[in-house]
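A.B. asks: Can you keep this structure in mind? I'll have questions shortly.
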Amino acid sequence: MTATADTAVHPGVDAVCLGESMVTFLPSRPGRLADVPSFDRTIGGAESNVACALAGAGHRVRWVSRVGADGFGDHLTEAIAAYGVDTSGVRRDPDRPTGIYFRTATDRATDAHEVAYYRAGSAASAMAPGNPPRDDLWAGRVLHLSGITAALSDGCLALMRELTARAPGRPPVSFDVNHRPGLWRRPSDAHVLLELARGADLVLVGEDEAAEAWDLHGADAIRAALPEPETVVVKRGAAGATLYTRTPDAAGTPGDTVISVPAPRVDVVAPVGAGDAFAAGFLSATLRGLPAAARLRHGHLMAAAALTVPGDLGAPPSRDHADRLAALDETAWGTLRLGPGWTTAGATEKEVRTP
């Protein structure tokens, strides 16, 4: 995706992020939900996570959603606004509650991980075409969506189909697949995510989720199934990420430029939030017009900021700090290791350790 929308048309907003955010309850210790005695309250939601991380990286960001006219809705909007995100596009619903969820401290990929959602009938699930207004959604240089929204209700799915339909004046659409099997009534329903992804300009998808949702194996197979988007990023976990960018040759024949960048080693504190953070880092670098390899490196760095803190949101490194690390030569990048506290000022000694 090339974020080249006319800034005279969109003078105030770099990115608009649409999606449900929920009040999240994090366990005070590892173990089954049945055994955890207490929880700490925070916020969670793929699209609002991206909005907060982008704002922390210095971008002008608007989060658009619906929350209940309740205390949890107050907490969400105030907490997200505190990151510097514009929440003027958030509507309050007097009849439906704000969603909440509880999760265990373990990795989502393990059998021990548990999530208890209380979001059925939530305020955000009432989103539908025309609600939120198109003016709110088309107000930025890029519109960021995720597949989670499509699973919330029939109205949300209709809205996502509308927003991923190519139309004159539509801003570039970034779509993070974010396959959540527990949100779909039937496993086969997740194939709608492929339909939505094909309407986007930039698609971010994990190699593992593409295998689970679409039975596609390997980055090349994923790109072959997504020929329409200008840009496809296949995330491969600790192995790194592969970027496909449509680049016509001298004769005008469409083709791809393909580049892979390994992830730095990270001393993981909590294996959550990395996908949203990667999306924010990649989008930030894209909005800044940085080269392809730097976009992937910024994605990896933002993911590392999330992985080295207990919650979903980690304080991003300063722009100068991230740019310096993204500019390392191949050898230095290959020996980079990031641990807790690496994003803070003066963290050079902590962040770089050779094996």
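The values are calculated or read from the model by the stated rules, or taken from the named source; none is laboratory data. Bear in mind the structure is a predicted one, so any value in this text is a computation, not a measurement. Positions of Cβ are generated from backbone atoms using ideal geometry, with glycine treated the same way; all protein chains shown enter the neighbour counts. For accessibility, only protein heavy atoms count, side chains too; no ligands or nucleic acids. Shrake-Rupley method; radii C 1.70, N 1.55, O 1.52, S 1.80 Å.
A.B. asks: Using a 1.4 angstrom probe, figure out how much accessible area segment 50-190 has per residue, in square angstrom, rounded to the nearest whole. Intermediate results must be reported in sequence, preceding the final value.
C.D. replies: On the way: 5780 Å² over 141 residues.
Result: 41 Å² per residue.
A.B. asks: How large is the Rg to Rh ratio of segment 288-348 when both quantities use alpha carbon positions and Rh follows Kirkwood? Intermediate values should be presented prior to the final figure.
C.D. replies: Working: Rg = 11.3 Å, Rh = 12.0 Å.
Rounded to two decimals, Rg over Rh is 0.94.
A.B. asks: Taking all pairs of different Cα atoms in segment 255-320, averaging 1/r and flipping that mean, what Kirkwood radius in angstroms comes out?
C.D. replies: Hydrodynamic radius (Kirkwood, Cα only) of segment 255-320 equals 12.0 Å.
A.B. asks: When the accessible area of the chain is split by element with a 1.4 Å probe, what percent falls to carbon and sulfur?
C.D. replies: Values: 7730 of 14560 Å².
The value for the chain is 53 percent carbon and sulfur by accessible area.
A.B. asks: Project the alpha carbons of segment 68-142 onto their principal axes and report the range along each, largest first, in whole Å.
C.D. replies: If we take the Cα atoms of segment 68-142, the spans are 43, 32, 26 Å.
A.B. asks: Share of Cα-Cα pairs in segment 168-318 beyond 26 Å, in percent? Please report the intermediate quantities before stating the final value.
C.D. replies: Numbers: 2885 of 11325 pairs.
Percent of Cα pairs beyond 26 Å in segment 168-318: 25.
A.B. asks: Further, regarding this structure: What's the long-distance tail for segment 53-187, i.e. % of Cα pairs beyond 28 Å? Let's see the in-between values first.
C.D. replies: On the way: 1730 of 9045 pairs.
Roughly 19 percent, once rounded to a whole number.
A.B. asks: Follow-up. Work out the FRET efficiency for Ala165 and His113 from their Cβ-Cβ distance, taking R0 = 41 Å, and round it to the nearest 0.05.
C.D. replies: Values: r = 35 Å, r/R0 = 0.85.
The calculated FRET efficiency here is 0.70.
A.B. asks: Next question. Using R₀ = 25 Å, calculate the FRET efficiency as 1/(1 + (r/R₀)^6) where r is the Cβ-Cβ separation of Arg319 and Val269; round to 0.05.
C.D. replies: Working: r = 23 Å, r/R0 = 0.93.
For R0 = 25 Å, the calculated efficiency reads 0.60.
A.B. asks: Continuing with this model, one more query. Per the helix-only calculation at 222 nm, which mean residue ellipticity applies to the chain, given -39500 (n - 2.57) for every DSSP H run of n ≥ 4 and division by its residues, nearest 500 deg cm²/dmol?
C.D. replies: Values: 13 runs with 109 residues, N = 355.
Per the formula, -8500 deg cm²/dmol.
A.B. asks: Accessible area per residue for segment 225-355 in Å², computed with a 1.4 Å probe and the full protein assembly in place, what is it? Numbers along the way, then the final one.
C.D. replies: On the way: 5430 Å² over 131 residues.
Averaged over the residues of segment 225-355, the accessible area is 41 Å².
A.B. asks: So what's segment 121-251 giving for Cα Rg divided by 2.2 N^0.38 Å, two decimals?
C.D. replies: Working: Rg = 15.0 Å, N = 131, 2.2 N^0.38 = 14.0 Å.
Normalised Cα radius of gyration, segment 121-251: 1.07.
A.B. asks: Output the peptides 45-56, 221-232 sorted from most to least packed, where packing is the average of other Cβ atoms within 10 Å over each peptide's residues. Show your work: numbers first, answer last.
C.D. replies: Values: 45-56: 28.3, 221-232: 18.8.
Most protected by this proxy first, the peptides run 45-56, 221-232.
A.B. asks: Still on this structure, please answer the following. Evaluate Rg over Rh across segment 241-355, taking Cα atoms for both radii and Kirkwood's formula for Rh. Spell out each step's value before the answer.
C.D. replies: Numbers: Rg = 15.0 Å, Rh = 14.6 Å.
Over the Cα atoms of segment 241-355, Rg/Rh equals 1.02.
A.B. asks: If you don't mind, another one. Measure off 7 Å from each Cα along the Cα-to-Cβ vector at Ser38 and Ala238, then give the distance between these two points in nanometres to one decimal.
C.D. replies: Spacing of the two 7 Å Cα→Cβ label points: 3.4 nm.
A.B. asks: I've got another one for you. Translational D (Stokes-Einstein, µm²/s) of the chain at 4 °C and 1.567 mPa s when Rh comes from the Kirkwood sum over C-alpha pairs? Don't skip to the answer; put the middle values down first.
C.D. replies: Working: Rh = 20.4 Å.
Reported coefficient: 63 µm²/s.
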